[in-house]
Amino acid sequence: MGVRQGDPPPRGVVLDTDGVLLDSATVHAAAWKAAFDACLAGLSPATAPQPPFDADAEYRRYVDGRSRYDGAEAFLASRGLRLPPGTPGDPPGHDTVWAVAAHKERLFVGMTEAGGVPVYDDSRPALTALRAAGVPRAAVSASRHARALLAEAGLDRLLDTVVDGTDAARLGLAGKPDPALFRHAATALGTDPGACAVVEDALSGVLAARRGGFRLVAGVDRTPDRHATPALLAQGADLVVPDLLTLVRTVWGDPA
């Protein structure tokens, strides 16, 4: 849809967490690389050798924004690898899809405990400006860790609601590219998707927002050379910005 010149701006905004508010996408990508590379290295000798997981292109295409299971399954399928699904209680390993997802989970927790997750410099001032403008704000994530990480960063105090992977599992919300997560967050804000914006860095998230009928779908491309922009636009983003303050100025006006 987009916001045309002269139209009022969206009345609410739903922001992805990983890669938009927190620099956690790089930690997720590193954990996935270690888990996938271990899985690929453990393949049967009869299986054709596989190149390592690409923590940029393949992460964005198959994993970013999805639940752990969906991301693991999508990547393995892209390589023509069909593992048994397993069960959510499978220990970390590479014999089932759930085992690969559990390996990634263990690695991610270890990485965040060792080094924490950085907050983007523009996140706090952008959320502050949106709050000052009276725009309700929600953060969403497929990760079960998002609520705790946002609280640790102090960003939870600038948000009206958070919907993460724990909520999605409890409520039975389908993962991206299904729009259920975003639509639930918009409802929690008291806004209709047709009057709300979604801010995403993941291709699956942009597609989910477009499918959800949101008023504005904004992509955030934080890559140094902006190489993610064409793919975000092709997936349905109305505009792509390098940071959140640029988005606030473009859509809601200069912060007071």
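Odds and ends about this structure:
- Residue match in the range 59-75 (condition: assigned to a loop (DSSP other than H, G, I, E, B), of a type in the set (Val, Ile, Thr) and in the same structural domain as Met111 (by TED's automatic domain parsing)): no
- Any chance Leu233 is without any contact (Cβ under 8 Å) to a residue 24 or more places away in the chain and either under 18 Å from Gly65 (Cβ atoms) or not in a helix (DSSP H, G or I) (or both): yes
Listed here are the residues, each with its yes/no results for (1) in contact with a strand residue (DSSP E or B) (Cβ under 7 Å, 6 or more places away or on another chain); (2) surrounded by 20 or more Cβ atoms within 10 Å (Cβ to Cβ); (3) part of a strand (DSSP E or B).
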residue	(1), (2), (3)
Ala148	no, no, no
Arg183	no, yes, no
Gly194	no, no, no
Val199	yes, yes, yes
Ser204	no, yes, no
Thr250	yes, no, no
Gly253	no, no, no
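- Here Leu130 does not qualify as under 19 Å from Val27 (Cα atoms), modelled with pLDDT of 95 or more and out of contact with any Gly (no Cβ under 8 Å at 6 or more places or on another chain).
- Residue in the range 153-168 that is surrounded by the fewest Cβ atoms within 10 Å (Cβ to Cβ), counting only those that are under 21 Å from Pro118 (Cα atoms) and β-branched (Val, Ile, Thr): Thr161
- Qualifying position, being hydroxyl-bearing (Ser, Thr, Tyr) and either in a loop (DSSP other than H, G, I, E, B) or touching a strand residue (DSSP E or B) at 6+ places or on another chain (Cβ under 8 Å) (or both), among Thr223, Thr187: Thr223
- Evaluating Asp64 against the criteria (1) free of Cβ contacts under 8 Å to residues at least 40 places away in the same chain; (2) among the charged types (D, E, K, R); (3) more than 25 Å from Arg131 (Cβ to Cβ) leaves one unmet condition, (1).
- Hey, Asp54 out of contact with any Gly (no Cβ under 9 Å at 6 or more places or on another chain) and either of a type in the set (Asp, Glu) or over 27 Å from Val220 (Cα atoms) (or both) or not: yes
- Selected residue (criterion: surrounded by the fewest Cβ atoms within 10 Å (Cβ to Cβ)) from residues of the range 36-59 that are in contact with a helix residue (DSSP H, G or I) (Cβ under 6 Å, 6 or more places away or on another chain) and under 28 Å from Pro179 (Cβ atoms): Ala55
- For the range 106-164, the set of residues classified as aromatic (Phe, Trp, Tyr) and closer than 16 Å to Val248 by Cβ consists of Tyr120 only.
- Selected residue (only one of Arg124, Arg68, Arg144 is among the basic types (Lys, Arg) and modelled with pLDDT of 95 or more): Arg124
- In the range 206-218, the residues that are among the hydrophobic types (A, V, I, L, M, F, W, C) and outside any strand (DSSP E or B): Val206, Leu207, Ala208, Ala209, Phe214
The values are calculated or read from the model by the stated rules, or taken from the named source; none is laboratory data. Keep in mind the model is a prediction, meaning the values are calculated, not measured. Cβ sites come from the backbone with ideal geometry, for glycine too, and all protein chains shown count toward neighbours.
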